[in-house]
Amino acid sequence: MSLEVDVAHQIGAFRLDVRFASDGRVTALFGPSGAGKTSLVNCLAGLIRPTRGRMAVDGQVLFDDRTGVSVPPHRRRIGYVFQEGRLFPHLTVRQNLLYGWWFTPRSERREQLESVVDLLGLGAYLGRRPGRLSGGEKQRVALGRALLASPRLLLMDEPLASLDAARKDEILPYIERLRDETRIPIVYVSHAVSEVARLANTLVVLAEGKVAAAGPVGDVMSRLDVVSLIGRDEAGAILETTVSGTDVGSGLTTLRAAAGTLYVPRLDLPAAAAVRVRIRARDVMIAATEPRDLSALNVLEGTIAEMRAADGAVVDLRLDCHGEPLVARLTRHSVDRLGLSPGRRVYAVVKAVAIDGHGSGTGEPAPADAETSSR
C-alpha cells in the first residue's frame, strides 16, 4: 500500500510543487483553503495532467513525464468521493451501489455487494432513493459505490465538509471500518484536525502549494514548526496506549503507554486493546517538580526537547516522555517563572476529563480530537 507523489503544476498564479511518499492506509492531506489539496487529488485522479513529475500506487505508475506514461482517468481504477454524495437521484441505493461494479471488468472485481452493504450498514436502505436519505447515509452510499468499483486507490475530498456534527459522528466509524477492514489505500483531504487525527496514518501538511511537513501522523502533529498551520487551538500530540483495565466504581479506564500511565473516562474496551490518545497542547500544564495532591489524575514525567516562541506571550514546548512526544503551550511568564529550558526535566499534568473515551473498531489506530480511539 505505497503511494509515491512528485509533481509540479502551474494553475494561473498558483504553483503546485509537491513531493512525498506514504505507506499508510490513510494518507491525509491537510492545510487551509487554497493550499493545493484538491488540485493534488485531481492530479492523482487524472483530472489534471501535471506539468512534470511522477505518481505511482503500489508500484503501478499513473503518470511519469519522463517516460511518457499518463494513464487515462477511466483506467486508473481510482475511486473518488466528493463533499456531496453525487448519487443518481432516479436510481435506488442498490442501483447506485452497483453502478461502478457493472463497469468494472469481471476479472478485476474484488468487492461484492453483500460485503460492502454489511461494511457500511446499508442493508435497510437498498430499496430507497437518495431523496429519502440523510446526508450521512448518502455519503455512506457514495463510499459503497466507490468501493464496488474495486479501486486501486480511494480519494476522499473533504467528504464530511457538508455534514453537521451529528452526521459526522454517524459516518466516521464507517470510514474507520473501511480503513481497518479493506486493503485499499485512502487519500483523505480535510482541513479539520479532528478528522485527520482520528483517521490518518500518514499526514501531509500543505501550505501555498508545497509540503510543509510529511510523515507519521503522531510525528507531524507534535512538530512545533507546523503548529501555526495545524492551528494553535488544535495542536497537540498523539500517544499510543493499551488498555490496562477499567474500574467500574470510579468509572475510569487505565491506559499504559511508553510515556506513562493515563486515566480516562470509562472505555468499553477489553484489556490489552490498543488505543491512540490525542492530547491538545492547551490541555497540558507543566510542573517543575513532581506535583502532589492534585485533582488532575494524569502526571507524565518528561524532558523539554524543544521550545519555540509563538505569537505574543505564548511559548510552545515539545516534551520527550520516555520516547513519546507531548506538546504544551504556556505563557512566557510561566516559562520564565519556572526557569524552563531545553533539557530540563518537568512533569506534564493532564486532567482525565480532557481525554474523552471513544471506541472506533479494530485494525490500525485511529485518533480522535482530544479523545481516545481504539484500534
Legend entry - Residue ID - farthest from the chain's Cα centre (by Cα), chosen from residues in the stretch 56-96 that are of a type in the set (Lys, Arg) and part of a loop (DSSP other than H, G, I, E, B): Arg66
Inset, instruction - Identify all residues within the stretch 19-55 that are among the basic types (Lys, Arg) and either closer than 25 Å to Ser228 by Cα or outside any loop (DSSP other than H, G, I, E, B) (or both); write none if there are none. - result: Arg19, Lys37, Arg52, Arg54
Inset, instruction - Mind telling me which of the residues Leu267, Leu229 ends up being in contact with a strand residue (DSSP E or B) (Cβ under 9 Å, 6 or more places away or on another chain) and in the same structural domain as Val353 (by TED's automatic domain parsing)? - result: Leu267
Legend entry - Ala309 vs. criteria in contact with a Phe, Trp or Tyr (Cβ under 6 Å, 6 or more places away or on another chain) and outside the structural domain of Ala197 (by TED's automatic domain parsing): no
Inset, instruction - For the stretch 135-176, name all the residues that are among the polar types (S, T, N, Q), in a loop (DSSP other than H, G, I, E, B) and either crowded, with 20+ Cβ neighbours inside 10 Å or over 18 Å from the mean Cα position of the chain (by Cα) (or both). - result: Ser150
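For the subset of the stretch 310-333 comprising residues that are closer than 14 Å to Ala281 by Cβ and exposed (fewer than 14 other Cβ atoms within 10 Å of the Cβ), which member is nearest to the chain's Cα centre (by Cα)?
Residue satisfying both the conditions and the ranking: Asp311.
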Inset, instruction - Can you run down the residue pairs with Cβ atoms below 7 Å, 6 or more apart or on separate chains, where the first is in the stretch 211-228 and in a strand (DSSP E or B) and the partner is of a type in the set (Lys, Arg) and crowded, with 16+ Cβ neighbours inside 10 Å? - result: Ala213/Arg223
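Take the residues in the stretch 67-88 that are of a type in the set (S, T, N, Q) and farther than 17 Å from Gly135 by Cβ; name whichever of them is surrounded by the most Cβ atoms within 10 Å (Cβ to Cβ).
So, considering only residues that are of a type in the set (S, T, N, Q) and farther than 17 Å from Gly135 by Cβ, the one surrounded by the most Cβ atoms within 10 Å (Cβ to Cβ) is Ser70.
Check Thr27, Thr38, Thr67 and return the single one that is of a type in the set (S, T, N, Q), at pLDDT 95 or above and within 25 Å of Gly218 (Cα to Cα).
Thr27
What residue, of Glu181, Glu176, Glu137, is out of contact with any strand residue (DSSP E or B) (no Cβ under 6 Å at 6 or more places or on another chain) and within 26 Å of Gly59 (Cβ to Cβ)?
Glu181
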Legend entry - Failed item in (1) out of contact with any Phe, Trp or Tyr (no Cβ under 8 Å at 6 or more places or on another chain); (2) on the phi > 0 side of the Ramachandran plot, with Ala192 passing the rest: (2)
Legend entry - Cross-chain or 6+ apart pairs with Cβ under 6 Å, the stretch 59-81 first and in contact (Cβ under 8 Å) with a residue 24 or more places away in the chain, then among the charged types (D, E, K, R) and part of a loop (DSSP other than H, G, I, E, B): Arg77/Arg152
Inset, instruction - Tell me which residues, restricted to the stretch 177-210, are part of a helix (DSSP H, G or I) and more than 24 Å from Ile279 (Cα to Cα). - result: Leu178, Glu181
Inset, instruction - Please enumerate the residues belonging to the stretch 111-134 that are part of a helix (DSSP H, G or I) and either without any contact (Cβ under 8 Å) to a residue 40 or more places away in the chain or outside the structural domain of Ile186 (by TED's automatic domain parsing) (or both). - result: Leu113, Glu114, Ser115, Val116, Val117, Asp118, Gly123, Ala124, Tyr125, Arg132
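The values are calculated or read from the model by the stated rules, or taken from the named source; none is laboratory data. Quick caveat: nothing in here was measured; it's all calculated off a predicted structure. For neighbour counting, all protein chains shown are included, and Cβ atoms are generated from backbone atoms with ideal geometry for every residue, glycine included.
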